[in-house]
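Structure first, then comments.
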Amino acid sequence: TIGAATSNLFFCRRGPSYADFELFDKVYARDDIKLYYFNPSDKGRGGEIPEGIINYFPVEVYKTKQFYETNLSWDFNNTWDIKEGEFPTLKRNQISNSLPSKGERPLKYKLISNKEGIDIQFSCVFSMSIYDLTGKKVFDLMSTTNHVFIPLKRGIYLIKLTENGNQYSDKVIVF
């Protein structure tokens, strides 16, 4: 159950009315989630969601590969793993983040986010993909060294980096 003065199941930024919202292309929610408002006469932002915008499915649907491939175009060959009956996970190997472990390996990249995007500094050759919260790829770079700046809108992103067969992943907030 989700209850609040402005409870809603969709993602948006800015805008006092529905017409001004920036929405994801597709919105999905579990059909067992119930919404209620503290003040039913004033539902706040999101209270004017037209019928048909949110696609409701049972939780079991979100534990199938077919849902993500059909509705969100997720890449299960290179980016995502899923066992039928479980939620998907990012593919990764033993090394999974940019933090060095007690001097055992050098820092290979550094991420910095700001209100304009993500700044990444590299110490070797990397390929990189960036995904939004829906799993949709929003940026792809085959090979880079030294430094790159990626302009992004406010939001939360998953970064997947590959260097010499090693994969790294980080979650970044652009504020």
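Rule-based calculations on the coordinates, nothing more; no lab input. Not measured: the values here are computed from a predicted model. Every residue, glycine as well, gets a Cβ built from its backbone with ideal geometry; the counts of neighbours run over all protein chains shown.
Assorted remarks:
- Extension gain from residue 166 to residue 127, taking 0.36 nm per residue of separation minus the Cα-Cα distance: 13.0 nm
- With a cut-off of 11 Å on the backbone N, the residues of segment 109-134 near the modelled label site 7 Å out from residue 147 along Cα-Cβ are 120-122.
- Links that overshoot a 28 Å alpha carbon limit, given the list 83/110; 34/137; 34/160; 83/160: 83/110; 34/137; 34/160
- Taking each residue as 0.36 nm, the span from residue 73 to residue 138 lengthens on full extension beyond its C-alpha to C-alpha distance by 22.2 nm.
- Orientation-averaged projection of segment 107-175 equals 4.1 nm² [convex hull of Cα atoms, one quarter of hull surface area].
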